[in-house]
Amino acid sequence: MNRRQFLVLVAAGVAAGCADTLRASFGPPLVAATPSGPRKVASLAALTATPSAFPLQTANGGDQVYAYKDGEQVVVLSNVCTHRGCPVAWEAASNRFVCPCHDGTFDRAGKVLAGPPLGPLMAYSAMLVGDDVMVQA
Ligand code: FES
């Protein structure tokens, strides 16, 4: 199938308002959706008082979170900037998260410090299962 045939097929599917046309043409999705559920972030022993990045498999695919110990609590934050969705990074030297896209900054709890983001980084509700830090994702 060339590009033109593909576009015609997509347009036909959209025009018909019917995803079945596309599904019948391409078959089942290559990547099955991952059902939501508790996901392991890291072992508790892997966490320190400094935010560290960990991969997280979510229902929508892969994501990255920052996790750290705050006294007796575990904090798990999304790395997705609440402005336009760029990945933020922990900047230890300035003790804050920095978004490279528009210079948004967040404190270690995810609260906006400066820049265009209007809301805090999304915080996951963390739970401990055995020695594993888990979140609902
Ligand atoms: S996407 Fe992060 S500040 Fe704009």
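Every number in this text was worked out from the coordinates using simple rules, so none of it is lab data. Values in this document were obtained by computation on a predicted structure and should not be read as measured data. Glycine gets a Cβ as well: all are built from the backbone with ideal geometry, and neighbour counts include every protein chain shown.
Simple spin-label estimate for E72 and R84 gives 4.4 nm between the two label positions (7 Å along the Cα-to-Cβ direction from each Cα).
Pulled fully out, how much extra length does the chain show between Q136 and A53, if you take 0.36 nm times their separation in residues and subtract their Cα-Cα distance? Between Q136 and A53, full extension yields an extra 28.2 nm. By the count of neighbouring beta-carbon atoms within 10 Å, fewest first, T82, T58 end up ordered T58, T82. Taking the fewest neighbouring Cβ atoms within 10 Å as the starting point, the ordered list for C99, C86 is C86, C99. From the Kirkwood radius over Cα pairs of the stretch 38-136, Stokes-Einstein at 4 °C and 1.567 mPa s returns a whole-number translational diffusion coefficient of 96 µm²/s. Using a simple spin-label model with pseudo-atoms 7 Å out from Cα toward Cβ, L118 and L44 lie 3.9 nm apart.
Quick one: if the Förster radius is 35 Å, what FRET efficiency do V129 and H102 give, using the C-beta to C-beta distance and rounding to 0.05? Once the sixth-power term is evaluated, E becomes 0.40.
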